[in-house]
Amino acid sequence: MNFQFIMIIFGIFVALDVILIVIVMLIRSRKKFGTGDKAYFRKEWGKIQELKDLRHAVVDSDKLLHIILVKKGYQGQLGEQLKKAEKLFSTPNDVWYAHKLRNRIAHELNLKITDFESMRAVQCFERAFKDLGAL
């Protein structure tokens, strides 16, 4: 066989792999939620908005984001999901801010955070939910 022929065949296989990856990413990013999913997300979001403890609201918002991303087809822990889904968010840095604040709440003993920080994080989560089509 001719070396050029082998390279052409190899190039075709690489191109097909790239096309397949792009198709999978497009399907994953465009996955729509059913009315049952959206109703569940709205119900849970309503419960979060009623919480008086803003730290709890941040933690629960983070959990809801994880559930939404799993339903959207992203696997792994939330940090991994955020890396994979980053392009879906209008303000990815805000989503990371909110998630990192949740991690600090969960892991730092006697953490002092202001109501402003907590409210900002909850608002960032809300924007993420809307970006994902969950609200």
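The values are calculated or read from the model by the stated rules, or taken from the named source; none is laboratory data. Keep in mind the model is a prediction, meaning the values are calculated, not measured. FYI the Cβ positions are ideal-geometry reconstructions off the backbone, even for glycines, and counts take in every protein chain you see.
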Discussion item. I'd like the full set of residues that are in contact with a Lys or Arg (Cβ under 9 Å, 6 or more places away or on another chain) and at pLDDT 75 or above, limited to the range 2-33.
Written reply: Phe33
Worksheet item: In the range 81-90, is there at least one residue being closer than 14 Å to Phe125 by Cα and touching a Cys at 6+ places or on another chain (Cβ under 8 Å)?
Response: no
Worksheet, complete the sentence: With the first residue restricted to the range 102-117 and required to be hydroxyl-bearing (Ser, Thr, Tyr), and the second required to be at pLDDT below 95 and outside any helix (DSSP H, G or I), Cβ contacts under 7 Å at 6 or more apart or on different chains are none
Worksheet item: Restricting attention to the range 64-92, which residues are under 11 Å from Leu132 (Cβ atoms) and charged (D, E, K, R)?
Response: Lys71, Lys72
Discussion item. Which numbered condition in (1) out of contact with any helix residue (DSSP H, G or I) (no Cβ under 9 Å at 6 or more places or on another chain); (2) small (Gly, Ala, Ser); (3) buried (at least 19 other Cβ atoms within 10 Å of the Cβ) is the only one that Gly36 fails?
Written reply: (3)
Response to the item:
Here the qualifying pairs (Cβ atoms under 7 Å; residues six or more apart or on different chains; first in the range 77-101 and over 12 Å from Asp62 (Cβ atoms) and in the same structural domain as Asp62 (by TED's automatic domain parsing); second of a type in the set (Lys, Arg) and surrounded by 12 or more Cβ atoms within 10 Å (Cβ to Cβ)) come out as Ser90/Arg127; Thr91/Arg127; Asp94/Arg127
